[in-house]
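**Q** Next up is a structure, given as structure tokens.
The values are calculated or read from the model by the stated rules, or taken from the named source; none is laboratory data. On a predicted model such as this, the values are computed, not experimentally measured, just so you know. Virtual Cβ from ideal backbone geometry, glycine too; neighbours counted across all protein chains shown.
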Amino acid sequence: MNRNILKLLCAVMLLAAGCDNSHKGLEPSGSDVPETPVTGNPPGGTADDSGAGYVWDESVIPEIRVSVTKEEWDALLARFDEYQDNADYFHCDVTFAKGDEVTSVNDAGIRLRGNTSRRRPEGTAGQKHNAVGTDWHHCHFGINFRKFHKDDAHTVKGIRKVNLKWFKDDPSYVREVYCYDLFRRYGVWTAPFDTYCRLWIHVKGDSQPAYYGVYEMIEPVDDRFLKRRGQEFAGSKGNLWKCGWDRSGAFLNTVDASFALDENTGRKVNYEYKGDAENYAAALEQFKDFIAKLTGKSDESFRKWIQEVCDVELLLKTYAVNVAVGMWDDHWNNGNNFYLYFNGMDKFSYKVFFIPYDYDNTLGTSSNCGIISDSGRQDPFNWGDGGLLMERMMKIDEFRDIYAKALEELVDPANGLFHIDASIGRISAWQKMISPYISNDTGEDMSVSDNPAGWGNHPEYRLLDRGGNNFFSVKAGSIRSAL
């Protein structure tokens, strides 16, 4: 038989298997998935960690199978009931497959993740695992292959951790994938790598694993994230802070906020230090000095200082993408969802980098928050009134011009970035790739549809419909009107 005909028949058979609910989630994806767009993920790894190119290359959808004893699974459920925001890991075995290549890691760690989206993965409070008619729930997970064994055998080609995120409130299964991809396409190398994956969880003793469906697999922002980009950062041994909401937002406008060392307790603070305990006091002094200068300097003094301690063009390109995709739950508007990395330990001598994070509430999933009521039509130069870093940047004409140029480049059709045609092409390809694998054993999020989150205040926005409610068209129009 002609070899090309044989390949075509094999592809058709695999696609049919993926659509057969009687075998949902059990068929191997192999390499026979629909063609996908070229992305900003690493095609062949990075200088210090070639495994990144393997794990986050999306030419083949990774398949992750987690196996856990009933005792450990029940302990995970009980710990959630005791303290929902816990950061505890539980023992499991993991296989990571891409096509015919399978990596097995015995005795890894699995934990629950998420903020307001954190959920119990099975049943209701007080219940233990039920092997019959199991009430599975989508939730976010973190996997640490080296949690209990610090050796190279407990990695996937050197990768130590992955975050697994379900598509909460995103019927399109694409919003965060699109945003991180756009960052990297536009040269914002501080954005995490990510790709789709498929997830199974098997409680040992059950007749078969539970297929959790299509997930997003995101690169954690941690010491390994810094090391992979050590050359770009000009140093990977500095101070990393996670910045977010806690009573007041992470607006960088006062030293009277909540700061803490990450002690793996799950408690919430505005600024959480992700380094070693012995460096915390010095890191805190450095950070508070940065905030004091940000709040206290005159405009001209600020203009000179920020160029000394920050890659201003990279920051403004990052924020142009942030605003273009309609990220309202951010530093500028809501004081949330970003990291800051200081690439040196010295109190005064460093470069600080803004790392974007958590982009599911975007692309038309809008909310009444801060000064924003419509994330598509909000003035991109007036995105918030609390995030002091961007508020001060917009008062400097030369910085405002850099930001305006970045916005213009994003919406320029010739660049194939945020323009409607390029965006629809990428989204359609991603959705075609994952659609055969959406149906899952939780019974949740069982289809792909072109809608924003149901709780949003603008349900009319669409991504693929070219009508008057297309988010890319509306947003590009509001950007051009403001330029």
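**Q** In the list Tyr359, Tyr319, Tyr341, which residue meets the criterion of being part of a helix (DSSP H, G or I), closer than 28 Å to Val177 by Cβ and not charged (D, E, K, R)?
**A** Tyr319
**Q** Working only within region 57-67, note down all residues that are modelled with pLDDT of 95 or more and not aliphatic (A, V, I, L, M).
**A** Within region 57-67, Pro62, Glu63, Arg65, Ser67 meet the criteria.
**Q** From the list Phe80, Phe96, which residue is part of a helix (DSSP H, G or I), at pLDDT 90 or above and within 24 Å of the chain's Cα centre (by Cα)?
**A** It is Phe80.
**Q** Looking for whichever is modelled with pLDDT of 95 or more and touching a Leu at 6+ places or on another chain (Cβ under 9 Å) here; the options are Val177, Val221, Val203. Which one fits?
**A** Criteria check complete, one pass: Val221.
**Q** Only one of Ala125, Ala131 is part of a loop (DSSP other than H, G, I, E, B) and without any contact (Cβ under 8 Å) to a residue 60 or more places away in the chain. Can you tell me which?
**A** After applying the criteria, what remains is Ala125.
**Q** Of the residues in region 228-275, how many are in a loop (DSSP other than H, G, I, E, B), among the charged types (D, E, K, R) and closer than 22 Å to Ser349 by Cα?
**A** Qualifying residue count for the region: 3.
**Q** In addition: One residue is enough: does region 307-327 have a residue meeting the conditions out of contact with any strand residue (DSSP E or B) (no Cβ under 9 Å at 6 or more places or on another chain), over 30 Å from Ser473 (Cα atoms) and of a type outside the set (A, V, I, L, M)?
**A** Looking through region 307-327, at least one residue is out of contact with any strand residue (DSSP E or B) (no Cβ under 9 Å at 6 or more places or on another chain), over 30 Å from Ser473 (Cα atoms) and of a type outside the set (A, V, I, L, M).
**Q** With the structure loaded, tell me whether Glu101 is over 21 Å from Glu219 (Cα atoms) and either modelled with pLDDT of 95 or more or in contact with a Phe, Trp or Tyr (Cβ under 6 Å, 6 or more places away or on another chain) (or both) or whether it fails that test.
**A** no
**Q** Among the residues in region 68-76, are any part of a loop (DSSP other than H, G, I, E, B) and either modelled with pLDDT of 95 or more or surrounded by fewer than 17 Cβ atoms within 10 Å (Cβ to Cβ) (or both)?
**A** Within region 68-76, one or more residues are part of a loop (DSSP other than H, G, I, E, B) and either modelled with pLDDT of 95 or more or surrounded by fewer than 17 Cβ atoms within 10 Å (Cβ to Cβ) (or both).
**Q** Right, another one. Taking Ala234 as the residue in question, decide whether it is under 29 Å from Asp135 (Cα atoms) and more than 20 Å from the chain's Cα centre (by Cα).
**A** Answer is no for this residue.
**Q** Also: Go through region 111-155 residue by residue and tally those that are β-branched (Val, Ile, Thr) and either farther than 20 Å from Gly213 by Cα or within 18 Å of the chain's Cα centre (by Cα) (or both).
**A** Of the residues in that region, 4 qualify.
**Q** Being surrounded by 15 or more Cβ atoms within 10 Å (Cβ to Cβ), among the polar types (S, T, N, Q) and at pLDDT below 95 is the filter here, so list the residues in region 261-311 that pass it.
**A** Of everything in region 261-311, nothing turns out to be surrounded by 15 or more Cβ atoms within 10 Å (Cβ to Cβ), among the polar types (S, T, N, Q) and at pLDDT below 95.
**Q** Please list, ordered by first then second residue, the pairs with beta carbon atoms under 7 Å, 6 or more apart or interchain, first in region 205-218 and more than 25 Å from Lys432 (Cβ to Cβ), second among the basic types (Lys, Arg).
**A** Gly205/Lys70; Pro209/Arg65
**Q** Next question. For region 151-172, indicate whether the set of residues that are over 21 Å from Pro452 (Cα atoms) and of a type in the set (S, T, N, Q) is non-empty.
**A** Among the residues of region 151-172, at least one is over 21 Å from Pro452 (Cα atoms) and of a type in the set (S, T, N, Q), which makes the answer yes.
**Q** Within region 221-237, does at least one residue satisfy the condition of being surrounded by 22 or more Cβ atoms within 10 Å (Cβ to Cβ) and of a type in the set (Gly, Ala, Ser)?
**A** no
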